[in-house]
Amino acid sequence: MGDEAAGYGDRPLPVWRAVWRDYRQGNGVRARARRGFLSPPAERGRLVWIKAGGTPEDVRLGIELLGAVRDKRQDVRIVLTFEQDYPELFERHMQPFRKVGVGYGPCDRPRVVRRVLERFQPHGILLAGGDAPRSLLAQAQCPMVAVNTRAPTWEPARPADQCWPLNTSTSWAEGAVADVLPVADPQARFVEAQADVVLRALVGGEVQRLWWWHGRDDQWPAWRGAWEASGMGATDILLASRRDGAAAARDLPGAGLQVSDWDRSALAPGTILHLDDRRWFAAAASAAHAVHLAAPDRQALWQGLAGGAAVSLGEIPAAEVPCPVLGEASAVLAAWERLRDDPASRRQQGDAARRRFWEERRQVDANFDAVLRQVWDW
């Protein structure tokens, strides 16, 4: 996010610059929260603090942890703090739990951390993504579990009780944590594992095949040019989506229609359908003959694998997956042409992708159970 994680680190200048910016923009609630002026839920009971980072993946993880803790422990109060607000995530995934507080969180300045710990008096802390908080690790006296949190670059004063690494680069070193769980990406738990193949029927009988491309804005012009030159648009439909969530709803140059504006009438062959709503990713992964993730963010990666289509990637992901890496649009389109008339190869590649998804999903579920056992002991 830059500038010391947009003012949530422990260096004074980025923090106070962010506080000043929040007050100037009329966001006093966020500014006061950044300074640690937070209040726990008024009900009685021990408190569990879930501290989420600043990405949509971090906040989604925090929401999932909140629901899992509430299912496991009805007696505790829960506070979920985050560094960036994503209202659509809370609207879609958050249930109206009792004894729960949700809002912006504090920075990691030592005095601010002392203030929050005095106000919350947490019985346990769950870190959901983000950077390892130096001051919080130094001052907290309660049990702490780090879920997908980047490893500290220093030696903590006391080890965390448990670490669930997203990949090998986020695994905490010996001495920084007492228990390290196997690597697993919780995004595999958040995607739809089963989706009805209705998109193929909705587009109409004149269309022979659907293909899904997902990438960045700067990759789109070259891909669009290659697609139009390939001749596949004469009979097929291209589903196109952006990696950048903030830009996803903007018009995609050259796309004939946005899925949010589609009235579900039959589409003409050659249509480029812009998937401006990520809720359509599951349908796209299930309906497409093949998928190319030019810039595979974690949600799109696991959703593509779960759909059972042949998947190729434009970049090597952190997770090991059975997908070829094809950098050029011409190489992708050549692979699609080979797959077009080879259902056996499509099925073989799709089955391998789905098996890899379920392998990750099972490990994620096992890790969630291990984290919840820690919370139960609190």
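Cα centroids of region 278-325 and region 180-222: how far apart, whole angstrom? A separation of 6 Å, based on Cα centres. So what is log10(I(q)/I(0)) for region 220-340 at q = 0.19, 0.23 1/Å, when the Debye sum runs over its Cα atoms only? Result of the Debye calculation: -1.12, -1.72. Summary value for the chain: 12 percent relative contact order, contacts being C-alpha pairs under 8 angstrom separated by 6+ residues.
Highest GNM mean-square fluctuation among ASN367, ASN27, ASN167, for the chain modelled with Cα contacts below 10 Å: ASN27. Here the chain has 47 percent of its accessible surface on carbon and sulfur atoms, given a 1.4 Å probe and all protein chains in place. Taking Cα atoms only, the orientation of helix 56-72 departs from the longest principal axis of the chain by about 60 degrees.
Heavy-atom accessible area for ASP71, with the other protein chains in place and a 1.4 Å probe, reaches approximately 120 Å².
The calculated FRET efficiency for the pair LEU13 and HIS93, based on their C-beta separation and a Förster distance of 30 Å, comes to about 0.30. Scanning the chain for GluC sites (Glu not before Pro) in DSSP loops with at most 16 neighbouring Cβ atoms within 10 Å leaves 44-191 as the longest stretch between them.
Solvent-accessible area of HIS123, all protein chains in place: 70 Å² (probe radius 1.4 Å, heavy atoms, ligands and nucleic acids excluded). Here the average projected area of the convex hull drawn through the C-alpha atoms of the chain stands at 19.3 nm².
Helix 110-120 and the longest principal axis of the Cα set of the chain meet at an angle near 90°.
Karplus-based coupling profile of region 216-228, in residue order and whole Hz: 8, 4, 5, 8, 5, x, 5, 5, 4, x, 5, 4, 5, with θ = phi - 60° in 6.51 cos²θ - 1.76 cosθ + 1.60 and x standing for Gly or Pro.
Residue by residue, region 19-32 carries 3J(HN,Hα) couplings of 4, 4, 5, 5, 4, 5, 8, x, 9, x, 4, 5, 4, 5 Hz when phi is fed to the Karplus relation 6.51 cos²θ - 1.76 cosθ + 1.60 (θ = phi - 60°); x denotes Gly or Pro.
Computed about the Cα centre, the dipole magnitude for region 273-378 is approximately 260 debye when only Lys and Arg (+1) and Asp and Glu (-1) carry charge, each at its Cβ. Once the 1.4 Å probe is applied to the protein heavy atoms, the chain comes out at 45 Å² accessible per residue.
Taking Cα atoms only, the orientation of helix 329-340 departs from the longest principal axis of the chain by about 60 degrees.
The values are calculated or read from the model by the stated rules, or taken from the named source; none is laboratory data. Bear in mind the structure is a predicted one, so any value in this text is a computation, not a measurement. All Cβ positions, even for glycine, are placed from backbone atoms using ideal geometry, and neighbour counts span all protein chains on display. Side chains included, ligands, DNA and RNA excluded: accessible areas come from the protein's heavy atoms. Shrake-Rupley method; radii C 1.70, N 1.55, O 1.52, S 1.80 Å.
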